[in-house]
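The structure appears right after this line, and notes come after that.
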Amino acid sequence: QVQLAESGGGLVQAGGSLRLSCAASGIVFRFSTMGWYRQAPGKQRELVASITSVGSTNYADSVKGRFAISRDNAKNTVYLQMDSLEPEDTAVYYCNVVRAPQAYWGQGTQVTVSS
């Protein structure tokens, strides 16, 4: 079965950095588009960044220039490097993959940015 395991969240001060990791299993990772989403309290889940099998990336406007998504196909892992963090980035971050017709999610990792 498909499993996504996020790690790397934590508490950081504004301006700091964190690197999230998502280890995937049960999919042909190198052919999969991977995504990072986040959900803040009282808000809808939103796309943060995605990366295709050939390395094309897409970012939410709010994180452009501060976050970078990357992948290591040898390790079946996708990363989210988050720099210049802001209190507004506080949320639970989820890893996502779609294996049609179903979308799969990890358990999420909490990121808290203090001002």
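The values are calculated or read from the model by the stated rules, or taken from the named source; none is laboratory data. In this text, all values refer to a predicted model and were calculated from it rather than measured experimentally. Here Cβ is always computed from backbone atoms with ideal geometry, including for glycine, and neighbour counts include all displayed protein chains. Protein only, heavy atoms only, side chains kept; ligands, DNA and RNA dropped before computing areas. Shrake-Rupley method; radii C 1.70, N 1.55, O 1.52, S 1.80 Å.
Computed with every protein chain present, the accessible area of R71 is close to 50 Å² [probe 1.4 Å]. Probing with 1.4 Å while keeping every protein chain in the model, the per residue accessible area of region 1-113 equals 52 Å². Each residue was assigned an accessible area with a 1.4 Å probe, and for K43 the value is about 140 Å². Distance between the modelled labels on T57 and Q81, one decimal in nanometres: 0.8 nm (7 Å Cα→Cβ projection).
Considering only protein heavy atoms and a probe of 1.4 Å, how much of the accessible area of region 19-91 is carbon and sulfur, as a whole percent?
Percent of accessible area from carbon and sulfur atoms in region 19-91: 47.
Accessible surface for E86 stands near 70 Å², nearest 10, in the context of the full protein assembly shown (1.4 Å probe).
Sorted largest first by accessible area at a 1.4 angstrom probe radius, with every protein chain in place, the residues S32, S84 fall in the order S84, S32.
Between the alpha-carbon centres of region 78-98 and region 3-36 there is a gap of 8 Å.
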